Ligand SMILES: [Zn+2]
């Protein structure tokens, strides 16, 4: 969605001001929550920080004054594993799409190579746990949009060989083989080739990600996939009526086949009030988009950061409502009630969307543990939501891959 692309991420310099006063500070986290949080493996399945890597002067190892993610802040917030998104807009296709995807995969791998003490590439659940044992953050990759394989399964296989462990079947626009939730349906879900893509992902051990896809694409993928699927960054449609969010029925069906919905923190997916305000006065977003283009041109990283800054300014000016991080907890709790505590996780959309107040960056993650404990969640359920559910799905996807290769039926 253009809106999500342009209006982006959390910027701390604003957040430390008057708007933060009602939100508990990190040092207000209870000893119990702190202990549990830092003893857990916290996994985030969707971060758009990759766009910043392409910018040249961004260093993942240094604490940045902007954006949400860098190694020092991930450590401070106890984030143990992060999926860096390999993303380009749906309109870029063919060889150009492949070139961009490979550049981004290389950029992630280069950041990992440059910071061997802090972060290590992981491609399996066991490698995530090993990274943890070494005191390092696990870096993983997900391709956000099936258009990046350019209708070629050999490209999918190459991405998998380079370490990509999930692929979102579409982004905001349709692929040539799958419908998106934010485009006009033309395929009635997955085409025959789209079904082959899902089968090949199963064989390769690449998780099928159904965030962004249409409801019919979701249903088709669920019927075809032999492995549990994830929604890497989606929230609950029952609370916020965005087509990108999942209905209760979808979450139940995903859970019935062992999958996980990873709650997205973007305010436009969390809050109906925010969504309604954007819709009521389209001039607000149009003005933000105009200013972003003026400031950034084609620079995606710049667009993400400036878009968020300008959106926060609009909130401060009272043009858009102020949404707090408690809304994330509301979505987690709803998803748990619908799908069960074994089927919910975290997919922030950090550095790619508008974060709610109180969840400006990775340092704020212990607030989620604190809030869930306060709601009466057991420590075991909190651990699952923080990351164990995702690791379970990864292990299961790996097992299915091994079985399919052993049977050699594909
Ligand atoms: Zn997305």
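Counting other C-beta atoms within 10 Å, which of 92, 332 has the fewest, and how do the rest follow?
Working: 92 16, 332 24.
Exposure proxy ranking, most exposed first: 92, 332.
Cα centroid distance between the range 370-385 and the range 56-86, in Å?
Taking the Cα centre of each part, the range 370-385 and the range 56-86 sit 25 Å apart.
Take the Cα atoms of the range 261-410, build their convex hull, and give its volume per residue in Å³.
Working: hull volume 24.2 nm³, N = 150.
Roughly 162 Å³ of hull volume per residue.
Fewest first, what order do 37, 212 take by the number of other Cβ atoms within 10 Å? Intermediate results must be reported in sequence, preceding the final value.
Working: 37 23, 212 30.
With the sparsest Cβ surroundings first, the list reads 37, 212.
Going highest first, how would you order 116-123, 220-227 by mean Cβ packing within 10 Å? Walk me through the numbers before you get to the answer.
Numbers: 116-123: 17.8, 220-227: 20.1.
Taking the mean over residues of other Cβ atoms within 10 Å, the ranking is 220-227, 116-123.
Roughly speaking, what is the centre-to-centre gap between the range 304-321 and the range 213-254 when only Cα atoms are used, to the nearest Å?
Between the Cα centres of the range 304-321 and the range 213-254 lies a distance of 29 Å.
Rank-order 383-391, 342-350 by packing density, defined as the average count of other C-beta atoms within 10 Å over each peptide's residues, highest first. Provide the component values of the computation, followed by the final result.
Numbers: 383-391: 24.2, 342-350: 26.9.
Going from most to least packed, we get 342-350, 383-391.
Work out, step by step, the length gained on full extension between residue 96 and residue 216: first 0.36 nm times the residue separation, then minus their alpha carbon distance; give nm to one decimal. All intermediate terms of the calculation are to be shown ahead of the outcome.
Values: separation 120, 0.36 × 120 = 43.20 nm, distance 2.84 nm.
Gain on stretching residue 96 to residue 216: 40.4 nm.
Cα extents of the range 50-129 along the three principal axes, largest first, in whole Å?
If we take the Cα atoms of the range 50-129, the spans are 39, 33, 20 Å.
Go through 368-378, 232-242 and give me the packing order, highest mean Cβ count within 10 Å leading. Mind dumping the intermediate values first?
On the way: 368-378: 18.1, 232-242: 24.2.
Packing proxy ranking, top to bottom: 232-242, 368-378.
For the chain, what is the relative contact order in percent, using Cα pairs closer than 8 Å and at least 6 residues apart in sequence? If you can, show how the numbers build up before the last one.
Working: 883 pairs, mean separation 102.7, N = 410.
Across the chain, relative contact order equals 25 percent.
I'd like the Kirkwood hydrodynamic radius of the chain, using the inverse of the mean 1/r over distinct C-alpha pairs, in Å.
Values: mean 1/r = 0.0480 Å⁻¹.
Evaluated over the chain, this radius sits at 20.8 Å.
Using all C-alpha to C-alpha distances in the range 150-246, build P(r) with 5 Å bins and read off the rounded percent in each one.
3, 15, 25, 26, 19, 8, 3, 1
Taking a temperature of 4 °C and a viscosity of 1.567 mPa s, what whole-number D in µm²/s does Stokes-Einstein yield for the range 76-219 with Rh from Kirkwood over alpha carbon pairs? Write out the running numbers ahead of the final one.
On the way: Rh = 15.6 Å.
The Stokes-Einstein estimate is 83 µm²/s.
Based only on Cα atoms, what mean projected area does the convex hull of the range 183-292 have, in nm²?
Over all viewing directions, the range 183-292 projects a mean Cα-hull area of 8.1 nm².
Would you mind pulling out the separation of the Cα centroids of the range 87-131 and the range 175-208, in Å?
Measuring centre to centre over Cα atoms gives 22 Å.
Starting from the Cα coordinates of the range 171-216, work out the convex hull volume and express it per residue in Å³. Could the numbers behind the result be given before it?
Details: hull volume 2.9 nm³, N = 46.
With only Cα atoms used, the range 171-216 gives 63 Å³ per residue.
Direction-averaged shadow area of the convex hull around the Cα atoms of the range 218-273, nm²?
Working: hull surface 14.0 nm².
About 3.5 nm², averaged over all directions.
We did not get these values from a lab; they are worked out from the coordinates using the rules stated. All figures in this text were calculated on a predicted structure; none of them were measured in a lab. A quick note on method: Cβ atoms are made from the backbone with ideal geometry, for glycine too, and the neighbour counts reach across all protein chains shown.
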